Amino acid sequence: MSEIAQPISHESDDPNWFKRAVFYEVLIRSFKDSSGDGVGDLRGLAERLDYLAWLGVDCLWLPPFFPSPLRDGGYDVSDYTDVAEDIGTIDDFKAFLDAAHSRGIRVIIDFVMNHTSDQHPWFQSSRTDPDGPYGDFYVWSDTDDLYQDARIIFVDTEASNWTWDPVRGEYFWHRFYSHQPDLNFDNPAVHEAMLDALAFWLDLGVDGFRLDAVPYLFEREGTNGENLPETHEFLRKVRKFVDDGWPGRVLLAEANQWPADVVDYYGDFDTGGDECHMCFHFPVMPRIFMAVRRESRYPISEILSQTPDIPKNCHWGIFLRNHDELTLEMVTDEDRDYMWAEYAKDPRMKANIGIRRRLAPLLDNDVDQMELFTALLLSLPGSPVLYYGDEIGMGDNIWLGDRDGVRTPMQWTPDRNAGFSSATPGRLTLPVIMDPVFGYQAVNVEADLANTSSLLHWTRRMIQIRQQHPALGLGTFTDIGGSNPAVLSFLREFGDDAMLCVNNLSRFAQPVELDLRSFEGVRPIETLGGVEFPAIGELPYLLTLGGYGFYWFRLPKNPEASGP
Amino acid sequence: MTAEFEAQLLHYMSDQRWFAGKGGVSSIGGIVRLPWLTTAEDEPRVRVELVTVITDDVPQVYQVPMAYYDTEPERMGHALIGTYDDPKHGRLVAYDALHDRIAIGTLVRGFVENDRSGGITHSVLGPVQVDTDMPSVMLTGEQSNTSLVLGEDLLLKVFRTVVPGRNPDIEVHEALTRLDSSAIAALRGWVATKPIDDGDSYDLAMLQDFLRSASDGWEYARASVRDLLMEADLHADEVGGDFAAEAERLGATVAALHDDLAAALETDTWKARNLARLADRLRSRLTQAVAAAPELAPYADSLASAYDALATLDTTVGVQRIHGDLHLGQTLRTIGGWVIIDFEGEPAKPLAERRALDSPIRDVAGMLRSFDYAASSMVIPTEMSPQEHHRIDEWAERNRAAFLDGYAATRGDDPRDHAVLLRAYEIDKAAYEVVYEKRNRPTWMGIPLSAIERLAGT
């Protein structure tokens, strides 16, 4: 049997490479410690690039690794153009980047535009020297009266978006923590400083940026300070700057908003998009969980049918889990729909409402569900973003608190510190998982590599199949419904490549009849095993699926070609 | 020869799900053969035939579109009716045209070509595009009609039993479509005969949007019950398959439907004397039901007292066109929300009665009964343990309440505020169900009987 499509080329010059890429988010501090100081570092990450290449990921996303007091996981940056001391040096970064590129792996890095740490020299200068070069870099005010329509995002810790600075004797504006003053984007010098910092990393060769918290860059009286026209104008400026100097690099926006608002961050529809290349699709993730919980396809079908079209050179990014808590409030703020009520009604989901847990514990360590979720991640429209450790079903540590519980060291081996570090165990910044179910003795890469039926091998195989089928990256999405509401079935089509994905969201075995008249005569080929199924006839096509079962079928356009 | 063909035709018809005369003694009373839709060169030759079957002295007109071939084509054995000697074309092999792709194309051609041959007319509400290249597919599971999916997005519902005059399904769909109601699948067109012998014309079929993503509300609700019963002792609100959010949205959809029906079609107000007449009708139906099912007798007095309360109700009731036969099987869950289908009313009733104005509370009562049925239908009632009984009741109560909440929130009128009327309609429906089950599924009689017991007690 011949596969119909060429595998994705890592060296491709295709400016739309990101549409077919499988992304992998990796926290450097938690992946591999090469120096024995208990903190993962760039050299350690470089050592494990062979593993990532073997897994088949196309692009790494590195959350912030810049100098930082680390009061917000590194999103409080105190120097935009350096590497945090415990992680390595600029030379280490260059070496890592070259090593990644030589394996055909691209790298995008986080970039936090909205605010800096209060330890950033710009802020220190701004507060002590209001008339100096950085005096106007932040949003200062004599009073805390302005912009009262802007909501407070971190309601648990912050009482106001204004905080009094006794040094300067004024209030400064912050949409997030009070130790993260917002930069003043009405100051052209701030634009220049941002573009200079981007250029620094682009010159080093990074393949793009995940832009953190983009909706909040500007403040305007009488608005909620989100998604303002000025913000879009600045993003167009960034895009043009990047395109002009470094074509083919990608901008991925974190705009935790309803899709109808997020699409604005792609920019102009007619030109194919002139702001960000990619945006995260936030609501689809909790809907996947809800659909499986409800054993109903409608939560997923609805959100996808409500998702607007996007410009042709743009793409969604989708994920199951990442390093952040994903508060449902942020997804549902704009939502007239019923998701919040659904979760609130359900004590069990409510316990997980922050969804600050890893995939495996969220799914009760059920391999069937993990496989189903991963299959959905790899086949729904949008580029999948895997989270380090989920490919081996790593657990979390709820005793570490919300933030750090899902950021524990990668579990490489059953040896000391899970093979993550040679440091004295007490020196690790975060302890390895040691519980009986998810502990590193049981769950680790070495064991999963040795066992070809492991989740790791399975995930690798699924990534390979995805890469062989351009339809799964580039193709159209058609929800084909079907007789059984517990089964989500959809077509992905790109040119001659047609994939039929059928997913049983129920824990029980289910039959489904699918209307596949437009493929009459075609013999579907199940892609994991290459098994040819009976030809599609005049009548609805009957399939049966085990609990949480799924199929990825290839639908060869030419029925004769697949015959005996 | 004609007698032989008629025997073959009757044999074919009596095997079909849509044949209403099962179990009775039937004979063919006559066949009206509409003119050919095809030319003499075409194969198959296609025309609509209206077949009157007399079952136990009661005539019923059926629509049988026919496809005639000179010789037997392959793969159509299941639709073979018999051989027919045509006065002009000689011996032909006759098939049910709704199983024949080519013949279906001929039947629907009139939607796009404004073709008015063959004694039938095609009407459209706006331009329609019928994809005649793509093979149509027949939906399974239908009782009294035959529905075909045409292309990707159109559904042709062919009425098998036809009566002179406007089909209420088309009438209601047309009015609601012109109102742009979101509670239905929009009507795109319909097919009718020209007046036959300068007399009556018959509505033959309707063309509406096919909701590809839809799934059946009855099966969807039952999946929730099944999910509940698979858990040993969780409550209905604790299991993953909880249906209450869907029931609430369905209530909102039915409320919107009632608003739309009231806006699009005639309305009226019932005064005390109308309610007294309604009570009389319900009483006489109850008397008939008790006669047919003596199991109802112990409750008869209490039930009748509910009608007494109705008869003495000193209030007015808004009446309007309603669905008339509303239950979960008439609902579809689509990506965009719930949709209500089939506005023919109870097929067994005469046309005038099906079109009569009534209180929307009657539809609400039908849905409430349906939740009860969905809950109970997963377990054979006679084998139900007390624990199962309790859990099933809990599911039904939870979803009935959620449905009423959704309805009340959308309409601004809570059916529970019309308790006397709601109870009366529920009793009427449940009593009918007892009789139906006694005749058809005696082991299921417990489902409506326990409802009767509850309704008699309040």
Return the subset of A:Lys19/A:Lys312; B:Lys22/B:Lys349; A:Lys94/A:Lys240; A:Lys94/A:Lys237 for which the Cα-Cα distance in this structure is over 22 Å, preserving the input order.
A:Lys94/A:Lys240; A:Lys94/A:Lys237
Over all directions, average the projected area of the Cα convex hull of the range B:215-457 and note it in nm².
12.9 nm²
With DSSP loop assignment and no more than 14 other C-beta atoms within 10 Å, the GluC sites (Glu not before Pro) in the range A:208-302 are A:Glu221
What do you get for the angle between helix A:367-379 and the principal long axis of chain A? Use alpha-carbon atoms, 0 to 90 degrees, nearest ten.
80 degrees
Rounded to the angstrom and largest first, Cα extents along the principal axes for the range B:2-100 equal 41, 26, 21
At q = 0.06, 0.12 1/Å the base-10 log of I(q)/I(0) from the Debye formula over the alpha-carbon atoms of chain A is -0.30, -1.25
Quick check: pseudo-label points 7 Å beyond the Cα along Cα→Cβ at B:Asp42 and A:Ser305, how many nm apart are they?
3.5 nm
How large is log10 of I(q)/I(0) for the protein assembly as shown at q = 0.05 Å⁻¹ when the intensity is taken from the Debye formula with one equal scatterer per alpha-carbon?
-0.40
Output the direction-averaged projected area (hull surface divided by four) of the convex hull of the alpha-carbon atoms of chain B, in nm².
23.4 nm²
Average partner coverage of B:330-336, which counts Cβ from other chains inside 10 Å:
4
One quarter of the C-alpha convex hull surface, i.e. the mean projected area of the range A:476-562 in nm², amounts to 5.2 nm²
Where a ≥ b ≥ c are root eigenvalues of the Cα gyration tensor, a/c under 1.5 meaning rounded, otherwise prolate if a/b exceeds b/c and oblate otherwise, the range B:225-361 counts as oblate
Could you bin all the Cα-Cα distances of the range B:320-458 into 5 Å bins starting at 0 and give me the percent of pairs in each, rounded to whole numbers?
2, 9, 17, 23, 21, 16, 9, 3, 0, 0
Give me Rg over Rh for the range B:75-142, both radii from the alpha carbons and Rh done the Kirkwood way, two decimal places.
1.03
I'd like the orientation of helix A:229-245 relative to chain A: the angle between its Cα long axis and the longest Cα principal axis, in ° from 0 to 90, rounded to 10.
80 degrees
Using a ≥ b ≥ c from the Cα gyration tensor of the range B:102-209 (square roots of the eigenvalues), is it rounded, prolate or oblate, where a/c under 1.5 gives rounded and otherwise the larger of a/b and b/c decides, a/b for prolate?
rounded
What is the helix-to-structure angle for A:188-204, meaning the angle in degrees between its Cα long axis and the longest Cα principal axis of chain A, kept from 0 to 90 and rounded to the nearest 10?
50 degrees
Within the range B:42-104, which trypsin sites (Lys or Arg not before Pro) sit in a loop by DSSP and count at most 15 neighbouring Cβ atoms inside 10 Å?
B:Arg75, B:Lys88
Restricting to bridges with both residues inside chain A, how much of the DSSP beta-bridge set is antiparallel, in percent to the nearest 5?
55 percent
Cα-based Debye curve of the range A:117-182 sampled at q = 0.21, 0.22, 0.29 Å⁻¹ gives log₁₀ I(q)/I(0) of -0.81, -0.88, -1.33
Expressed as a whole number, the average count of other chain Cβ atoms within 10 Å around the Cβ atoms of B:209-217 is 4
Gyration tensor (Cα) of the range B:5-44, equivalent ellipsoid semi-axes in angstrom:
27, 12, 9
Shape category assigned to the range A:358-507 from the gyration tensor of Cα positions, a/c cut at 1.5
prolate
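None of the figures in this text is laboratory data; all of them are computed from the coordinates on show. All of these numbers come straight from a predicted model, not from anything done at the bench. Note that we place each Cβ from the backbone using ideal geometry, even for glycine, and neighbour counts take in every protein chain shown.
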